[in-house]
Amino acid sequence: MSKLIIAIPSKGRLQENTHDFFGRAGLKVEQPGGARNYRGAIKGLDNVEIAFLSASEIARSLADGSVHFGITGLDLVHENITDPQNTVHIVTPLGFGSADVVVAVPKAWIDVETMADLSDVASDFRNRHGRRLRVATKYVNLTRSFFARYGIADYRIVESAGATEGAPAAGSAELIVDITTTGSTLHANNLKILSDGVMLKSQANLVASLSADWSATALAAARSILDRVAAEETARGVKLVKAVVHDRTQALRAVSQIGAIQRFSDINDAHHVSVLCPKDAVADCAELLIGEGAETVTVETLDYVFTKENRLFTPLKEKVGG
Ligand SMILES: Nc1ncnc2c1ncn2[C@@H]1O[C@H](COP(=O)(O)OP(=O)(O)OP(=O)(O)O)[C@@H](O)[C@H]1O
Ligand SMILES: O=P(O)(O)OC[C@H]1O[C@H](OP(=O)(O)OP(=O)(O)O)[C@H](O)[C@@H]1O
Ligand SMILES: [Mg+2]
């Protein structure tokens, strides 16, 4: 009877959005004993335990299998997990925590715009100064593999624990690899991103561990959670469109062209149409229905659309369900 363990950020910029994400799915995260208690629960789901960890610890816990699910940035997944392909499964991106991991150099380096330029500078630098170019970063693994891809070997990594953008001005490195969202920290430190220097586009993801103990209990709890998550995601992308038309079959044929689908059919009713329509196609759908004789078309927002087939759970089960 091993419970499903979900690791969520205990602090930092992903924390608040994570609570909102669970809230939208109708799941209430409870932290008995307040912010200093590192174990919690989800209201009404007895087989789920919450572990509050830092975003980077979450990536490591997914790798070692001590948690089943975790919410963390894709950057941390790729930096902290050796073989992410075979170690974790990305369940779904969450639409928050967007940031790019980038290579940035001083703006004063006017001749350096690309990774190829940087490669030239790196060789020159070594010849001229008798030491290697220094790159300040906490993304050591991402940097090594990205630089290797561009054939750059003449550099040395200076591990940074924070305020990485300050390293060039402080004289502790020539350039940096760090994460950026608005670009204002880079700008404030007179740094520019190389044109092909975006190493990774990151955002927060719901990630599953492939090495955790996926007991029947844990899998069942995962299904309950993913049912709610998928139902909310689906609902956010569609609207419920209703109308009374001359000929239902004909109207459905027309709106199916723009992706609207009949979900709730009453074979005795030849005139009522009620379809789930992609959010962006609602106005076109209404126009088509009016063309099919509707006087009025109403559009409703839905909270959840549950379906028997769960597009988030099925791929996970295939990987861990035996
Ligand atoms: N502008 C940003 N700067 C840094 N991280 C960001 C930014 N936007 C989103 N993120 C995401 O937030 C996560 C980092 O969160 P946070 O800073 O709370 O964790 P952390 O620094 O790894 O924690 P700790 O260092 O204590 O382990 C990363 O996954 C990153 O992708
Ligand atoms: O492009 P911007 O919008 O300016 O954001 C990027 C900055 O934000 C992060 O630092 P954070 O505030 O998380 O501090 P940290 O270095 O202690 O993690 C990151 O390390 C950058 O320094
Ligand atoms: Mg941080």
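The values are calculated or read from the model by the stated rules, or taken from the named source; none is laboratory data. All values derive from a computational prediction rather than experimental measurement. All Cβ positions, even for glycine, are placed from backbone atoms using ideal geometry, and neighbour counts span all protein chains on display.
Tell me yes or no: at least one residue of region 72-86 is more than 26 Å from Lys317 (Cβ to Cβ) and within 16 Å of ligand 3 (Cβ to nearest atom).
Just the residues of region 72-86 that are more than 26 Å from Lys317 (Cβ to Cβ), to begin with: 75, 79.
Next, only the ones that are within 16 Å of ligand 3 (Cβ to nearest atom) stay: 75, 79.
Yes, because at least one residue in region 72-86 is more than 26 Å from Lys317 (Cβ to Cβ) and within 16 Å of ligand 3 (Cβ to nearest atom).
To keep it simple, each residue is scored yes or no on (1) in the same structural domain as Ser66 (by TED's automatic domain parsing); (2) touching a helix residue (DSSP H, G or I) at 6+ places or on another chain (Cβ under 7 Å); (3) farther than 25 Å from Trp109 by Cα; (4) within 11 Å of ligand 1 (Cβ to nearest atom).
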position: Tyr155; (1), (2), (3), (4): no, yes, no, no
position: Gly162; (1), (2), (3), (4): no, no, no, yes
position: Leu175; (1), (2), (3), (4): no, yes, no, no
position: Thr180; (1), (2), (3), (4): no, yes, no, yes
position: Ser184; (1), (2), (3), (4): no, no, no, yes
position: His187; (1), (2), (3), (4): no, no, no, no
position: Leu194; (1), (2), (3), (4): no, yes, no, no
position: Ala220; (1), (2), (3), (4): no, no, yes, no
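Sort through Tyr150, Tyr139 and tell me the only one that's within 16 Å of ligand 1 (Cβ to nearest atom), at pLDDT 95 or above and not assigned by TED's automatic domain parsing to the domain that holds Ser209. Before the answer, list the steps.
Numbers: Tyr150 fails: within 16 Å of ligand 1 (Cβ to nearest atom).
Of Tyr150, Tyr139, the one residue that is within 16 Å of ligand 1 (Cβ to nearest atom), at pLDDT 95 or above and not assigned by TED's automatic domain parsing to the domain that holds Ser209 is Tyr139.
Taking the listed residues Gly183, Gly162, the one that is under 29 Å from Ile81 (Cβ atoms), of a type outside the set (Phe, Trp, Tyr) and at pLDDT below 95 is Gly162, with no other qualifying. Against the numbered list (1) more than 15 Å from ligand 3 (Cβ to nearest atom); (2) free of Cβ contacts under 8 Å to residues at least 40 places away in the same chain, Gly162 comes up short only at (1).
Listed here are the residues, each with its yes/no results for (1) part of a strand (DSSP E or B); (2) among the basic types (Lys, Arg); (3) away from ligand 2 (no atom under 16 Å from the Cβ); (4) over 25 Å from Ser224 (Cα atoms).
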position	(1), (2), (3), (4)
Asp20	no, no, yes, no
Leu27	no, no, yes, no
Asp46	yes, no, yes, no
Ile50	yes, no, yes, no
Ala59	no, no, no, no
Asp75	no, no, no, yes
Val91	yes, no, yes, no
Phe96	no, no, no, no
Val112	no, no, yes, yes
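Listed by position, the helices (runs of 4 or more DSSP H) enclosed by region 202-318 that each have at least 3 residues that are over 30 Å from Val102 (Cβ atoms) and within 31 Å of the chain's Cα centre (by Cα) are 216-237, 282-291.
Out of Ile267, Ile258, one residue alone is over 27 Å from Val207 (Cα atoms) and surrounded by 12 or more Cβ atoms within 10 Å (Cβ to Cβ). It is Ile258. Checking the conditions here, which among Asp100, Asp124 is touching a residue at least 40 places away in the same chain (Cβ under 8 Å) and among the acidic types (Asp, Glu)? Sole residue among the options that is touching a residue at least 40 places away in the same chain (Cβ under 8 Å) and among the acidic types (Asp, Glu): Asp100. For the residues Ile42, Ile110, the requirement of being of a type in the set (A, V, I, L, M, F, W, C), closer than 27 Å to Phe306 by Cβ and away from ligand 1 (no atom under 11 Å from the Cβ) singles out Ile42. Going through (1) within 25 Å of the chain's Cα centre (by Cα); (2) within 10 Å of ligand 2 (Cβ to nearest atom); (3) not small (Gly, Ala, Ser) one by one, His187 falls short only on (1).
Among the candidates Ser160, Ser119, Ser123, Ser145, the residue that is of a type in the set (Ser, Thr, Tyr) and in contact with a Ser or Thr (Cβ under 9 Å, 6 or more places away or on another chain) is uniquely Ser160. Scanning region 6-18 for residues that are part of a loop (DSSP other than H, G, I, E, B) and loosely packed, with under 14 Cβ neighbours inside 10 Å, we see that the one that is farthest from ligand 2 (Cβ to nearest atom) is Lys11. There is no residue in region 133-143 that is away from ligand 3 (no atom under 16 Å from the Cβ), more than 30 Å from Arg263 (Cβ to Cβ) and among the small types (Gly, Ala, Ser). Restricting attention to region 51-76, the residues that are of a type in the set (A, V, I, L, M, F, W, C) and surrounded by 24 or more Cβ atoms within 10 Å (Cβ to Cβ) total 8.
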